[in-house]
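Okay, so here's the structure we're looking at.
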Amino acid sequence: MDNVAAAADAFAESLSRRLETEETEEAFQGMPSDGDSRVGYEAMGAGGWIGVHWPERLGGRDLTPLHTAAAEERFGYHWLPLSGYLLSVKTIGNALLRLASPALQERLIPPIATGQLIFCQGFSEPGAGSDLASLTTRAERQGNTFVVSGHKIWTSSAQLADWIYLAVRTDPDAKRPQDGISVLVADMRTPGIDVQPFATLGGGQLCEVFLDDVEIPVDQLVGELHGGWRVLMATLDYERVTSEKVGILLRVLDELEPLVENPADRLTLLRLRGEAEASRLHGRRATQLLEAGAPASAAASMAKLSCAVLAQRLADEGIRMLGPAGLTERGHGDRVHGRLAALARAAVGATISGGSAEIQRRVIARRGLECPA
Ligand SMILES: Cc1cc2nc3c(=O)[nH]c(=O)nc-3n(C[C@H](O)[C@H](O)[C@H](O)COP(=O)(O)OP(=O)(O)OC[C@H]3O[C@@H](n4cnc5c(N)ncnc54)[C@H](O)[C@@H]3O)c2cc1C
């Protein structure tokens with residue numbers, strides 16, 4: 001494990017230096033989880049850092065998911081632009097390996113592993129975020145295709161993505177709304193897909209995706225027809241294990257510590273470091289449960305919630321300790337390489353993206369503590 005983490009660390013440090021010269025400022029805005037870089041993603045694929053635990057026959061290295069988590073922590077620590085990676089590999093790639101047909105896996109996993117295929121995730125809609133089961137994007141079966149129309153919003157990396165992982169309604173008459181949903185994958189060049197990006201407070205971009213009579217072949221269904229709710233929940237479990245954010249927080253702590261002299265503040269930083277360690281352990285537990293095929297939602301939500309709340313506290317405390325200088329952006333005489341300012345901006349969305357903090361608490365209460373609905 002330590003060898004893989006050390007190799008990932010060396011790779012990420014060198015790629016980070018390379019991207020500093022080759023990439024635009026936009027790639028480094030916000031936290032690494034908001035930044036995008038196709039150059040960086042391709043380099044990760046070429047270097048064997050995509051799908052570390054995926055089977056060798058599909059382009060992986062056959063190591064364990066804990067090795068992957070350790071590597072992802074180092075990617076975050078070295079501030080690599082990771083949005084495309086987190087969607088395509090950590091979230092959708094892992095879900096495809098568990099839930100897609102062998103044919104679809106053979107078609108999509110190898111190009112992800114080589115860093116050639118970036119996915120975006122079209123779940124949220126203007127009227128369906130926390131209440132995802134109320135989504136209205138409609139997919140009607142016509143022969144060998146689904147014809148899809150609807151409107152997705154807050155779609156990260158859609159401006160860059162090659163394919164989309166799409167939650168659609170295939171049975172509008174199902175008794176429970178959850179029972180009428182399916183998941184499809186589609187090439188973003190399919191006629192009828194229109195992407196409109198917009199800037200975010202975090203510094204990155206999000207997109208609206210408009211779907212107008214988009215024809216998607218039926219063999220691009222992931223999991224069972226009308227069985228998409230299970231696929232969505234499993235996919236979110238992967239998304240919510242945020243090892244990369246543990247790395248991000250450790251980096252900010254490492255850069256803050258030499259600048260803080262007040263003993264009370266130093267103690268606060270030590271406490272926050274302890275909480276980052278706890279968050280890392282939540283992530284490892286969820287990773288092990290996912291690997292074992294055991295129920296992992298409560299553990300994944302604990303990992304996500306602990307990291308998101310800690311990101312906001314660390315940003316607040318860091319700015320209190322450094323004063324306004326802590327808010328200086330990257331490249332403007334900043335004391336912590338602009339990372340604290342980036343964290344402060346992007347952490348606001350950390351308790352919203354991937355499911356809000358309230359929804360994580362609900363999942364923990366219902367699935368972890370068996371509280372009534
Ligand atoms: C940076 C970022 C990136 C994102 N990327 C993507 C992406 O790539 N793909 C994608 O599909 N979506 C993405 N999202 C969307 C994200 O998943 C949704 O914003 C999130 O699920 C919340 O949905 P909503 O915005 O509709 O808020 P709402 O669901 O309207 O919630 C508003 C408020 O009400 C609270 N609330 C709602 N229901 C309950 C309840 N039952 N109990 C208690 N409180 C409740 C929420 O916690 C929240 O505080 C992204 C969001 C952000 C911020």
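The values are calculated or read from the model by the stated rules, or taken from the named source; none is laboratory data. Source: prediction; values computed, not measured. As a convention, Cβ positions derive from the backbone with ideal geometry for all residues, glycine included, and neighbour counts pool all protein chains shown. The accessibility values were calculated without ligands, DNA or RNA, using every heavy atom of the protein model including side chains. Shrake-Rupley method; radii C 1.70, N 1.55, O 1.52, S 1.80 Å.
Quick rundown of the values:
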quantity	calculated
Where residue 144 falls short, out of the listed (1) of a type outside the set (D, E, K, R); (2) touching a strand residue (DSSP E or B) at 6+ places or on another chain (Cβ under 7 Å); (3) surrounded by 18 or more Cβ atoms within 10 Å (Cβ to Cβ)	(3)
Selection status of residue 199, aliphatic (A, V, I, L, M), surrounded by fewer than 22 Cβ atoms within 10 Å (Cβ to Cβ), in contact with a helix residue (DSSP H, G or I) (Cβ under 6 Å, 6 or more places away or on another chain) and not assigned by TED's automatic domain parsing to the domain that holds residue 345	no
Segment 47-58: number of residues that are more than 20 Å from residue 82 (Cα to Cα) and either of a type in the set (S, T, N, Q) or open to solvent by 40 Å² or more (accessible area, probe 1.4 Å) (or both)	2
So residue 221, is it crowded, with 21+ Cβ neighbours inside 10 Å and at pLDDT 95 or above	yes
Residue check for residue 365: within 16 Å of the ligand (Cβ to nearest atom) and within 21 Å of residue 156 (Cβ to Cβ)	no
Residue that is farthest from the ligand (Cβ to nearest atom), among those in segment 325-338 that are open to solvent by 30 Å² or more (accessible area, probe 1.4 Å) and in a helix (DSSP H, G or I)	325
Number of the condition not met by residue 298 [criteria: (1) open to solvent by 40 Å² or more (accessible area, probe 1.4 Å); (2) touching a helix residue (DSSP H, G or I) at 6+ places or on another chain (Cβ under 9 Å); (3) of a type in the set (Gly, Ala, Ser)]	(1)
Answer from 127, 150 - the residue that is open to solvent by 20 Å² or more (accessible area, probe 1.4 Å) and more than 10 Å from the ligand (Cβ to nearest atom)	150
Contacts under 8 angstrom Cβ, first residue in segment 347-364 being outside the structural domain of residue 34 (by TED's automatic domain parsing), partner near the ligand (Cβ under 6 Å from one of its atoms) and aromatic (Phe, Trp, Tyr), 6 or more apart	353/154
Tally, over segment 249-267, of residues that are of a type in the set (Asp, Glu) and open to solvent by 40 Å² or more (accessible area, probe 1.4 Å)	3
Which numbered condition residue 163 fails, given (1) within 14 Å of the ligand (Cβ to nearest atom); (2) in contact (Cβ under 8 Å) with a residue 60 or more places away in the chain; (3) closer than 25 Å to residue 213 by Cα; (4) touching an Asp or Glu at 6+ places or on another chain (Cβ under 8 Å)	(2)
Scope segment 1-29; condition among the hydrophobic types (A, V, I, L, M, F, W, C) and modelled with pLDDT under 85; matching residues	1, 27, 28
Where residue 282 falls short, out of the listed (1) at pLDDT 95 or above; (2) open to solvent by 10 Å² or more (accessible area, probe 1.4 Å); (3) within 16 Å of the ligand (Cβ to nearest atom)	(3)
Considering residues of segment 130-141 that are within 8 Å of the ligand (Cβ to nearest atom) and of a type outside the set (Ser, Thr, Tyr) only, the residue most open to solvent (accessible area, probe 1.4 Å)	131
Among residues of segment 29-62, those that are of a type in the set (A, V, I, L, M, F, W, C) and within 16 Å of the ligand (Cβ to nearest atom), counted	1
Residue match in segment 83-94 (condition: away from the ligand (no atom under 16 Å from the Cβ) and touching a Lys or Arg at 6+ places or on another chain (Cβ under 9 Å))	no
Residue within segment 294-317 that is at pLDDT 95 or above and more than 24 Å from the chain's Cα centre (by Cα) present	yes
Test: residue in segment 98-121 that is within 13 Å of the ligand (Cβ to nearest atom) and either of a type in the set (Gly, Ala, Ser) or open to solvent by 10 Å² or more (accessible area, probe 1.4 Å) (or both)	yes
Residues within segment 354-371 that are buried (at least 18 other Cβ atoms within 10 Å of the Cβ) and part of a loop (DSSP other than H, G, I, E, B), tallied	2
Pair list, Cβ < 8 Å and 6+ apart or interchain, from segment 101-128 residues that are without any contact (Cβ under 8 Å) to a residue 60 or more places away in the chain and over 16 Å from residue 235 (Cα atoms) to residues that are β-branched (Val, Ile, Thr) and outside any strand (DSSP E or B)	125/136; 125/137; 125/153; 126/153; 127/136; 128/136
